Amino acid sequence: MEEKKMNIYTKGGDKGMTTLKGAQNVSKSDDRIQLLGTIDELTSNLGVAKTDRECAYMKPVLESIQNNLITVMAGIADSYNRKYRLSQEDVAALETEIDRMEGKFPREKKFVLPGGCVASAHLDVARTVARRAERCMVDVAKRHSIDVVTKQYMNRLSDYLYVNARYIDYLNQSNETAQETVNAAQPVQIVQNEITTTAVMEEASMSIDTNEQKIINKVLKQIGGISRINLESAKRLISLVEEYSRKKGRNSVISVCGPDGNMIAVHAMDDAFLASFDISMKKAYTSVAVKMSTMELSKLAQPGQTFYGVENTDGGRLVIFGGGIPLLYNGKIIGGLGVSGGTGEQDHELAEYGQRMLDVVL
C-alpha cells in the first residue's frame with residue numbers, strides 16, 4: 001500500500017485558532033502564542049548571527065542558546081511539564097561568558113548607535129528581539145506559569161548579545177576582525193561524496209574526542225597548564241589570520257609550530273608566493289628558537305648588534321625579517337606563528353593579530 005504523503009499545511013489554523021498542550025482552540029492572538037512567536041523569531045535571528053564569519057567564535061554558545069530557547073518554548077506550550085525547565089547552570093553559563101567578554105575590551109558607558117559592522121548589527125537585532133521576548137514573558141507570567149529561572153535566562157541573554165556586539169565593534173574599530181572560530185571554518189575543506197554508517201560512527205567518535213579535548217583545554221586554561229598549542233587550536237588560529245590577511249588584501253602562507261620548533265600546521269592562501277611556504281615555516285621556527293619575534297631579531301641582527309650574522313647559523317633555518325612571533329600564553333611559549341606574503345612589517349602585523357587571538361582559539 002502506498003504511504004499517504006503528509007502535507008506541511010493542515011488548514012487547521014485557517015480560522016485564527018491553534019492548540020497548546022492541554023488547551024485546544026487557543027486564539028493566535030493569545031499572549032502565549034505571541035511569546036512563542038517572538039522566541040521563534042529570536043532563534044531565527046540567532047541563526048542569522050551565527051552564519052556571519054565574524055561571529056564564528058560564538059557559534060557553540062549561540063547553538064546552545066538556540067537549544068535552550070527550544071526548551072523554553074516547549075515549557076510555555078506545556079507549562080506543567082517540569083522536563084521543559086532550564087537550570088541555574090544555564091544562567092550561570094551566560095553570566096560567565098558575559099564576564100569573560102567584558103574583560104577583553106574597554107566598554108564605553110554611553111549610548112551605542114547600532115550598525116558598526118554587519119556582525120554586530122545582527123547581534124543587536126537579536127538583542128532587541130530578546131528584550132521583546134522578555135517583556136512578553138513578563139506579561140504572560142501574570143496569568144500563566146513561567147518559572148523564575150527562565151525569566152532570569154531571558155534577561156541575561158540580551159546582556160550577552162549586547163556585550164558581544166560591542167566586542168566585535170571594538171575589534172573592527174581597531175582594524176581587526178572578530179572571526180574567532182570554534183569548530184567553525186577550517187583552512188582545508190573536506191568534500192564527502194558518500195555517507196556510510198562507518199563514516200557517521202567515525203564522525204561521532206571524533207566529535208566526542210573533540211568535546212573531551214575542549215573540556216581538558218578549558219581546565220588547563222584556568223590553571224595556566226597549557227604547554228603547547230595543539231592541531232585543532234592551530235587550525236583555528238590559521239583560519240583567523242587568513243581572514244585578517246584577506247581583509248588586508250594579502251595572499252599569505254601561515255605556519256604554526258610547537259614550542260620545540262616542529263611544524264603543526266601550514267596553510268597557503270590562493271595565489272601566495274611559492275617562496276612564502278618555506279619562509280613562513282622558518283619564521284615560526286625562528287620565533288621559538290630565539291624566543292622573540294623575527295621583527296625584533298632583525299634589529300639585533302644588524303651590523304654591530306648582538307645577533308649580527310645569526311641567519312647564517314642553524315643550517316640556514318633562521319630568518320631575520322618580520323612575520324614570525326612566539327605564541328605566548330600565561331608567560332610561556334606554547335608555539336610559534338609565521339606569516340609570509342607581504343613586507344616584513346605587513347607580515348608582522350598579521351602575526352601580532354594572531355597572538356591577540358590566541359586566548360580565544362585555545
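Report, by residue number, each residue of the range 339-362 that is closer than 25 Å to Cys55 by Cα and either of a type in the set (Ser, Thr, Tyr) or not in a helix (DSSP H, G or I) (or both). Matches in the range 339-362: Val339, Tyr353, Met357, Leu362. Just one of the listed residues (Leu350, Leu328, Leu318, Leu337) is farther than 19 Å from Ala268 by Cβ and under 26 Å from the mean Cα position of the chain (by Cα), and it is Leu328.
Just one residue in the set Asp169, Asp99 is modelled with pLDDT under 95, crowded, with 21+ Cβ neighbours inside 10 Å and either part of a loop (DSSP other than H, G, I, E, B) or of a type outside the set (Lys, Arg) (or both); that residue is Asp169.
Residue-wise test of (1) out of contact with any Pro (no Cβ under 8 Å at 6 or more places or on another chain); (2) farther than 13 Å from Leu161 by Cα; (3) not in a loop (DSSP other than H, G, I, E, B).
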| site | (1), (2), (3) |
| --- | --- |
| Thr43 | yes, no, yes |
| Met58 | yes, no, yes |
| Asn68 | yes, yes, yes |
| Val72 | yes, yes, yes |
| Arg82 | yes, yes, no |
| Leu113 | yes, yes, no |
| Leu123 | yes, no, yes |
| Ala130 | yes, no, yes |
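Of note, Lys21 does not satisfy the criterion of being out of contact with any helix residue (DSSP H, G or I) (no Cβ under 7 Å at 6 or more places or on another chain) and at pLDDT below 75.
Checking Val118, Val91, Val61 one by one, the residue that is more than 17 Å from the chain's Cα centre (by Cα) and modelled with pLDDT of 85 or more is Val91 and no other. Scanning the range 33-57 for residues that are among the acidic types (Asp, Glu) and either crowded, with 18+ Cβ neighbours inside 10 Å or closer than 14 Å to Cys117 by Cα (or both) yields a total of 2.
The requirement of being buried (at least 19 other Cβ atoms within 10 Å of the Cβ) and either without any contact (Cβ under 8 Å) to a residue 12 or more places away in the chain or outside any helix (DSSP H, G or I) (or both) is fulfilled nowhere in the range 133-142; no residue meets it.
The values are calculated or read from the model by the stated rules, or taken from the named source; none is laboratory data. Worth saying up front: this structure is predicted, and the values here are computed from it rather than measured. Here the Cβ is made from the backbone with ideal geometry for all residues, glycine too, and neighbour counts use every protein chain on show.
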